[in-house]
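Participant: Starting off with a structure, shown below.
What follows is calculated from the coordinates using simple rules that are stated; it is not laboratory data. A quick note: this is a predicted structure, and the numbers were derived from the prediction, not measured. Cβ atoms come from the backbone with ideal geometry, glycine included; neighbour counts cover every protein chain shown.
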Amino acid sequence: MALRVAVVGSGPAGSSAAETLAKAGIETYLFERKLDNAKPCGGAIPLCMVSEFDLPDHIIDRRVRKMKMISPSNIEVDINLEKQEEYIGMCRREILDGFLRDRAEKLGANLINGTVHKLDIPSNNTDPYVLHYADHSDGSVAGVQKTLKVDMVIGADGANSRVAKAIDAGDYNYAIAFQERIRLPEDKMAYYNDLAEMYVGTDVSPDFYAWVFPKYDHVAVGTGTMKVNQALIKKLQAGIRTRAAKRLEGGEIIKVEAHPIPEHPRPRRVVGRVALVGDAAGTVTKSSGEGIYFAAKSARMCAETIVEFSEGGTRVPTEEELKIYLKRWDKKYGITYAVLDILQRVFYRTDATREAFVEMCADMDVQRMTFDSYLYKTVVPANPFVQMKITAKTIGSLLRGNALAP
């Protein structure tokens, strides 16, 4: 028998899964509702993603080597990368997603421009899953109704995942990211050449941060919050526009976008022969709200597990075998998620704790550790003396900001 796998959604997660499966010679169907779709997001990717996922230069709009952390009282702390070869990549999602999707197709994935409406779940371990979808290849919105039978399904269809609903994966809380893309006059854009800004404060987000990230020919200005309330989000966006007003003078809004972001993993990420990856599984980190690398990585690990246990596509892996992907994932990244969750709880509570957080970012050891953990995706174990110093500094900053008061 030859294994057949459907991957629903072709963002960084879906395309990475499809690429890994297709490379192994597995019959892969990659579904995408809108081929020109661009998910609203900051678009920052860590250095390790560039090498690990073999991304060419043209994917990266900007190489950010300077970061400004701006506290509620507008104290600015500059964080600079010392090594020339290190940077945070800024990309537009339409460019990144398009590249990854095209690569998966070139390697043999069957790309279907279609919307998956329904997934029929078999009543036993051997019958196929049936996907009901609208095929849009004729250019129509309604599309032509079709079905496809497969042995396994990977749900990479984002926070509002239909695959997750079909397997009753359970709900999760989500935050909302809202951003405006603003084209700036040349002199203003020059300021953001290799610089990104993060603003913290109740005025820009009660539980997260706001950002100004440079893109190809514009900046992305946005905010995120777990309080899903339209009036509040408008107010917070006005807050970041006010805080960054001088730097955005003369700017013109070219696009407005919003999107839900999962706050934690779904209760069930593998059910039967169906696995969830990326936002559908809830792989976004707390504190930084970063998801692109983790989406692609979770999907690749899931697909590698399928390749391994299907013995190159010659047998159908079981639910238990598919769950090994989750065990490996949790073992590799569980501590990263836990640490970032604690950071968010401690530092994003009040404006006093946010002041303490920004003050702490001025320390070179803290900067190095933060950047290492972001660029290379490990919670870097600094040597014990540095670790003690950082802990003492953290407590000192929190005490000064009255942040340890209940």
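Participant: Below 17 Å Cα-Cα, how many Lys pairs turn up in the stretch 203-337? Only count pairs eight or more apart in sequence, or on different chains, if you could.
Facilitator: Eligible lysine pairs with Cα atoms under 17 Å apart amount to 12.
Participant: Now for a separate question. Helix 384-400 sits at what angle to the longest principal axis of the chain, using alpha carbons and giving 0 to 90 degrees rounded to 10?
Facilitator: Long axis of 384-400 versus the principal axis of the chain: about 60 degrees.
Participant: Please compute the volume of the convex hull spanned by the alpha-carbon atoms of the stretch 142-222 and report it per residue in Å³.
Facilitator: On the way: hull volume 15.5 nm³, N = 81.
Normalising the Cα hull of the stretch 142-222 by residue number yields 192 Å³.
Participant: What translational diffusion coefficient, to the nearest whole µm²/s, does the stretch 43-144 have by Stokes-Einstein, given a Kirkwood radius computed over alpha-carbon pairs, a temperature of 20 °C and 1.002 mPa s viscosity? Before the final figure, lay out each step's value.
Facilitator: Values: Rh = 17.9 Å.
After rounding, the answer is 120 µm²/s.
Participant: Hey, could you get me the Stokes-Einstein D for the chain, Kirkwood radius over alpha-carbon pairs, 37 °C and 0.692 mPa s, rounded to whole µm² s⁻¹? Show your work: numbers first, answer last.
Facilitator: Numbers: Rh = 22.1 Å.
Reported coefficient: 148 µm²/s.
Participant: For the chain, what is the mean residue ellipticity at 222 nm derived from helices alone (per DSSP H run of n ≥ 4: -39500 (n - 2.57); sum divided by total residues; nearest 500 deg cm²/dmol)? Could the numbers behind the result be given before it?
Facilitator: On the way: 13 runs with 147 residues, N = 406.
That calculation yields -11000 deg cm²/dmol at 222 nm.
Participant: Give the separation of the Cα centroids, the stretch 272-305 to the stretch 344-377, in Å.
Facilitator: If you average the Cα positions of each part, the centres end up 24 Å apart.
Participant: Quick one: Karplus J couplings for the stretch 317-331, per residue in order, coefficients 6.51, -1.76, 1.60, θ = phi - 60°, nearest Hz, x for Gly and Pro?
Facilitator: x, 8, 4, 4, 5, 5, 5, 5, 4, 5, 4, 5, 4, 5, 5
Participant: Let's see if you can work this out: charge +1 on each Lys and Arg Cβ, -1 on each Asp and Glu Cβ, no other charges. What is the dipole magnitude of the chain about its Cα centre, in debye to the nearest 20?
Facilitator: Using Cβ point charges on Lys, Arg, Asp and Glu, the chain gives about 640 debye.
Participant: Next question. At what distance in angstrom do the alpha carbon centres of the stretch 167-195 and the stretch 85-117 lie from each other?
Facilitator: Going from one Cα centre to the other spans 19 Å.
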